[in-house]
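The values are calculated or read from the model by the stated rules, or taken from the named source; none is laboratory data. Please read all numbers here as calculations on a predicted model, not as lab measurements. Because the Cβ atoms are built from the backbone with ideal geometry, glycine has one as well, and the counts that use them run over all protein chains shown. Surface areas here come from the heavy atoms of the whole protein model, side chains and all, with no ligands, DNA or RNA. Shrake-Rupley method; radii C 1.70, N 1.55, O 1.52, S 1.80 Å.
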There are 2 protein chains.
Amino acid sequence: MSAPNEVGPAVVDLLGVLAYAELTAFDRLAEDARLAPTLDGRAALARMAAAEIAHHQRLDERLRELGVAPADAMAPFVAPLDAFHDSTRAGTWLEGLVKAYVGDGLATDFYREVAAFLPEPDRGLVLEVLADTGHADFAVREVRAAIAEDRRVGGRLALWARRLVGEAMTQSQAVIAERDELADLLISGTGDLNGIAELLGRLTTAHSARMEALGLNG
Amino acid sequence: MSAPNEVGPAVVDLLGVLAYAELTAFDRLAEDARLAPTLDGRAALARMAAAEIAHHQRLDERLRELGVAPADAMAPFVAPLDAFHDSTRAGTWLEGLVKAYVGDGLATDFYREVAAFLPEPDRGLVLEVLADTGHADFAVREVRAAIAEDRRVGGRLALWARRLVGEAMTQSQAVIAERDELADLLISGTGDLNGIAELLGRLTTAHSARMEALGLNG
């Protein structure tokens, strides 16, 4: 277990952004659950939301252990994450599912890449809270069924997914521009510009695979 | 483990109403979390919401085990529970906390009384999902602190609590009038009118103790 002073500000930043990301993911999934056409669907999304809170709690505990007030660690990330969610509020049940699967998938991949540069125990903790909560299958099944019924749905959702990615890029650039330590961690971790290009390549490949899984080839 | 045909419709009704109660409690706590004045408060309410969903899942699994579709078991209780929540939507953070503590406390006591009349394993399951999620202390602390700061807050919250109880009575009477088997279970379980009076007495005593704990002597 590291003492507070052995942990750099980039680690606190990463734990803080993740903690707030889990809290907003909870909010949004809870809100989208109400768009569910069935009680079973509503329960499924509520369960995804509950999983995010369990993760939030782990990060909250770790921050306290490091002597950092969780609210302070989360504070710098409230505005950009709220801006992302406000600009990508799901209007329909299917948009909510695509956001949960495609948006969270991309975010998870990114955080996982950064986690690889962290010392233990925080690397392990971050990878653990990012572990798939096993609900992806549900989103894939529902979206594919809807597209099978009406092909135009696919076109609309593909556009929606593209908008999600665009907004996510905008907000993550804003975060990295603000948090020097986080940017340094990213650059020193990847090694050089070539390393960053490779990282972006991996994120893009995984994103395309998720779009494919949903039947949104784009 | 009981086979489906050994379980009466009153048991399915009780599991169904509880399952839907947990789902709506999740919704409402998630919504009220957004009223929190601090990130810590928001996380605390989100954790309470997540606990409700874990309980919902246990009931959902038990219903499936009994060969009953959870959505079917919940269906008769959607309208009265939604009516209760719609008519008692918290307008402030403190109203939300009072609702979580006083309203859920009363409901929990009532369900616990009914559970005593159930055969195992359902009695144990219901008592387990009703177990205090340990968040009551949080509500008590926040509400008492707010009243200490401004005594008028206490008067307003006492009125709010009285309204919650009134609405809860209205909706539970509607449910019992509709579900004969549930009414029969209640009457045969308590024995007679005297038994029902004693049950109501116990609920009232526990409710008064919660009001006292919040500093809402009424």
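Go through (1) open to solvent by 60 Å² or more (accessible area, probe 1.4 Å); (2) closer than 23 Å to A:R47 by Cβ; (3) at pLDDT 90 or above one by one and return the number of the condition A:E128 breaks.
Every condition holds for A:E128 apart from (3).
Can you find a residue that is open to solvent by less than 30 Å² (accessible area, probe 1.4 Å) and within 14 Å of another protein chain (Cβ to nearest Cβ) anywhere in the stretch B:110-117?
no
Which is in contact with a helix residue (DSSP H, G or I) (Cβ under 8 Å, 6 or more places away or on another chain), modelled with pLDDT of 85 or more and open to solvent by 60 Å² or more (accessible area, probe 1.4 Å), of B:E167, B:E181, B:E149? Before you say what the answer is, go through the steps one by one.
Values: B:E167 fails: open to solvent by 60 Å² or more (accessible area, probe 1.4 Å); B:E149 fails: in contact with a helix residue (DSSP H, G or I) (Cβ under 8 Å, 6 or more places away or on another chain).
None of the others qualify; the one that does is B:E181.
List the number of the failed condition for B:L159; all other conditions in (1) under 16 Å from B:H207 (Cβ atoms); (2) in contact with a Leu (Cβ under 9 Å, 6 or more places away or on another chain); (3) of a type in the set (A, V, I, L, M); (4) modelled with pLDDT of 90 or more hold.
Looking at each condition in turn, B:L159 falls short on (2).
Which numbered condition trips up B:V98, out of (1) surrounded by 21 or more Cβ atoms within 10 Å (Cβ to Cβ); (2) within 16 Å of B:Y20 (Cα to Cα)?
Going through (1) surrounded by 21 or more Cβ atoms within 10 Å (Cβ to Cβ); (2) within 16 Å of B:Y20 (Cα to Cα) one by one, B:V98 breaks only (2).
Pick from the stretch B:79-95 the residues that are hydroxyl-bearing (S, T, Y) and open to solvent by 20 Å² or more (accessible area, probe 1.4 Å): which of them is farthest from B:V11 (Cα to Cα)?
B:T92
So for the stretch A:36-45 (the condition being within 8 Å of another protein chain (Cβ to nearest Cβ), open to solvent by 20 Å² or more (accessible area, probe 1.4 Å) and in contact with a His (Cβ under 9 Å, 6 or more places away or on another chain)), does at least one residue qualify?
Looking only at the stretch A:36-45, we keep the residues that are within 8 Å of another protein chain (Cβ to nearest Cβ), and these are A:38-40, A:42-43.
This time we only want the ones that are open to solvent by 20 Å² or more (accessible area, probe 1.4 Å), so: A:38-40, A:42.
Remaining after also requiring in contact with a His (Cβ under 9 Å, 6 or more places away or on another chain): none.
No.
Do we find a residue being within 24 Å of A:A158 (Cβ to Cβ) and assigned to a helix (DSSP H, G or I) anywhere in the stretch A:64-80?
Looking only at the stretch A:64-80, we keep the residues that are within 24 Å of A:A158 (Cβ to Cβ), and these are none.
No, because not a single residue in the stretch A:64-80 is within 24 Å of A:A158 (Cβ to Cβ) and assigned to a helix (DSSP H, G or I).
From the list A:A49, A:A25, A:A33, pick out the single residue that is within 9 Å of chain B (Cβ to nearest Cβ), under 16 Å from the mean Cα position of the chain (by Cα), open to solvent by less than 10 Å² (accessible area, probe 1.4 Å) and under 24 Å from B:D32 (Cα atoms). Talk me through it step by step, then tell me what you get.
Numbers: A:A25 fails: within 9 Å of chain B (Cβ to nearest Cβ); A:A33 fails: under 16 Å from the mean Cα position of the chain (by Cα).
On inspection, the qualifying residue turns out to be A:A49.
Tell me, which residue of the stretch A:81-95 that is more than 14 Å from every other protein chain (Cβ to nearest Cβ) and part of a helix (DSSP H, G or I) is farthest from A:W160 (Cα to Cα)? Give the steps one after another, and end with the answer.
Going residue by residue through the stretch A:81-95, those that are more than 14 Å from every other protein chain (Cβ to nearest Cβ) are A:83-84, A:87-88, A:90-95.
When the remaining residues are screened for being part of a helix (DSSP H, G or I), the result is A:83-84, A:87, A:93-95.
Values: A:A83: 17, A:F84: 14, A:S87: 12, A:W93: 13, A:L94: 10, A:E95: 7 Å.
Step by step, filter the stretch A:81-95, then rank; the result is A:A83.
Checking B:D82 against (1) farther than 27 Å from B:G195 by Cβ; (2) free of Cβ contacts under 8 Å to residues at least 40 places away in the same chain, which test does it fail?
B:D82 satisfies all of (1) farther than 27 Å from B:G195 by Cβ; (2) free of Cβ contacts under 8 Å to residues at least 40 places away in the same chain except (2).
Can you tell me which residue in the stretch B:60-71 is nearest to A:T38 (Cα to Cα), limited to those that are buried (at least 20 other Cβ atoms within 10 Å of the Cβ) and within 10 Å of another protein chain (Cβ to nearest Cβ)?
The extreme case among them is B:P70.
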